[in-house]
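**Student:** This is the structure, below, for whatever I ask next.
The values are calculated or read from the model by the stated rules, or taken from the named source; none is laboratory data. Computed from a predicted structure; not experimentally measured. Because the Cβ atoms are built from the backbone with ideal geometry, glycine has one as well, and the counts that use them run over all protein chains shown.
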Amino acid sequence: MSTLGDTASEFHRLHASECFVMPNPFDAGSARALEQLGFKALATTSAGLAWTLGRADNQVTLDESLEHLRVVVGAVKVPVNADFEGGFAIDPAHVAANVKLAATTGIAGLSIEDSTGDVLDPLHEFDLAVERVRAARQAIDESGTNIVLTGRSEGFVCGRPDIGETIRRLSAYAEAGADCLYAPRIETVEHVAAIVAAVSPKPVNLLINAPFMTVAQAADLGVRRISVGGTLARTAWAGFLHAAQELADDGTFSQFERLPDVDQLFRPR
């Protein structure tokens, strides 16, 4: 339902001022439900997608990710940001080629991470990480789609929680052409404020996957965009597993009360 170009322009506009929440659906149905709740933009979650396929996070292929982007974008009218992991490649030229493929799906933005997946060496070497963001920027420019590029530094996710190095990387990604900057698992006021100050005037995305901060508090710190990663998907899984475990262990159905009329969400209006 989205129109390529229009949603990208709207997504840029949302980043221009104030603070907006961009929750993360995990399929077409959850995307439509979030749109109906009034959210102005959505973002995919690599973890949420992987779990729907019965896999762990980071076990999804490029083709599966691209198809998922088409499905989510096709389900809603609001801008959709793609969790594009590390671009499904290491070499900057290959990252660029994959970004061009993603840009054809109708997304309004995408992120490129700097994690390697190697426990012993979890972050790409600095110059390579910067070059990967620069390659993604060039690919977007050549595509003519104007989608929003987010540069992500994963140090706090993969066991390298160094705020100085995180800021160094995010600042370099901003200079390399990232429109928005993002360091998942930053969870203190001091760190959030430091990142916002370091990359200003470019906007910062904050992941909130635990109740450590409110939207209003994040906005007061200068955060421009808030996402929740796979946490809504985990919330859905929590309810499902709790009810199923009770059924398996006790043969009772106490969780089958006060349930929402999900069908009502998707009836024609």
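**Student:** For ASP250, work out the one condition from (1) within 24 Å of the chain's Cα centre (by Cα); (2) modelled with pLDDT of 95 or more it doesn't fulfil.
**Tutor:** Result: ASP250 fails condition (1) only.
**Student:** Same structure again: Hey, any hits in the range 81-93 for a residue that's free of Cβ contacts under 8 Å to residues at least 40 places away in the same chain, crowded, with 16+ Cβ neighbours inside 10 Å, out of contact with any Asp or Glu (no Cβ under 8 Å at 6 or more places or on another chain) and among the aliphatic types (A, V, I, L, M)?
**Tutor:** Yes, the range 81-93 has at least one match.
**Student:** Can you find, within the range 2-56, the residue that is surrounded by the fewest Cβ atoms within 10 Å (Cβ to Cβ) among those that are at pLDDT below 95 and either of a type in the set (D, E, K, R) or touching a helix residue (DSSP H, G or I) at 6+ places or on another chain (Cβ under 6 Å) (or both)?
**Tutor:** The extreme case among them is GLU18.
**Student:** Let me ask something else about it. Got at least one residue in the range 94-102 being part of a loop (DSSP other than H, G, I, E, B), out of contact with any helix residue (DSSP H, G or I) (no Cβ under 6 Å at 6 or more places or on another chain) and under 23 Å from ARG132 (Cβ atoms)?
**Tutor:** no
**Student:** Of the conditions (1) in contact (Cβ under 8 Å) with a residue 24 or more places away in the chain; (2) over 20 Å from PRO184 (Cα atoms), SER46 fails just one. Which one is it?
**Tutor:** (2)
**Student:** Report whether or not GLU67 is out of contact with any Cys (no Cβ under 9 Å at 6 or more places or on another chain), acidic (Asp, Glu), buried (at least 16 other Cβ atoms within 10 Å of the Cβ) and at pLDDT 95 or above.
**Tutor:** Taking the combined requirement at face value, the residue does not satisfy it.
**Student:** Within the group SER153, SER143, which residue is surrounded by fewer than 24 Cβ atoms within 10 Å (Cβ to Cβ), free of Cβ contacts under 8 Å to residues at least 60 places away in the same chain and closer than 25 Å to VAL80 by Cα?
**Tutor:** Being surrounded by fewer than 24 Cβ atoms within 10 Å (Cβ to Cβ), free of Cβ contacts under 8 Å to residues at least 60 places away in the same chain and closer than 25 Å to VAL80 by Cα holds for just one of SER153, SER143, which is SER143.
**Student:** Here are some conditions: (1) of a type in the set (Gly, Ala, Ser); (2) in a helix (DSSP H, G or I); (3) within 21 Å of ASN24 (Cβ to Cβ). ALA139 meets all but one. Which one does it not meet?
**Tutor:** Looking at each condition in turn, ALA139 falls short on (3).
**Student:** Something else: Return the only residue of SER200, SER143, SER171 being of a type in the set (Ser, Thr, Tyr) and closer than 22 Å to ILE90 by Cβ.
**Tutor:** Within the list SER200, SER143, SER171, the selection yields SER143.
**Student:** Considering only the range 58-78, I want to know if a residue exists there that is touching a residue at least 60 places away in the same chain (Cβ under 8 Å), part of a helix (DSSP H, G or I) and touching a Ser or Thr at 6+ places or on another chain (Cβ under 7 Å).
**Tutor:** Yes, the range 58-78 contains at least one residue that is touching a residue at least 60 places away in the same chain (Cβ under 8 Å), part of a helix (DSSP H, G or I) and touching a Ser or Thr at 6+ places or on another chain (Cβ under 7 Å).
**Student:** Looking at the structure I just gave you, is LEU232 in contact (Cβ under 8 Å) with a residue 60 or more places away in the chain and of a type outside the set (Gly, Ala, Ser)?
**Tutor:** yes
**Student:** Go through the range 231-257 and count every residue that is among the polar types (S, T, N, Q), under 25 Å from LEU207 (Cα atoms) and surrounded by 15 or more Cβ atoms within 10 Å (Cβ to Cβ).
**Tutor:** Qualifying residue count, the range 231-257: 1.
**Student:** Only residues that are outside any helix (DSSP H, G or I) and surrounded by fewer than 20 Cβ atoms within 10 Å (Cβ to Cβ): list them for the range 107-134, please.
**Tutor:** If the condition is that a residue be outside any helix (DSSP H, G or I) and surrounded by fewer than 20 Cβ atoms within 10 Å (Cβ to Cβ), then THR116, GLY117, ASP118, VAL119, LEU120, ASP121, PRO122, GLU125 are the ones that fit.
**Student:** If you check GLN59 against the conditions, is it within 21 Å of PRO184 (Cβ to Cβ) and surrounded by fewer than 20 Cβ atoms within 10 Å (Cβ to Cβ)?
**Tutor:** In short, yes.
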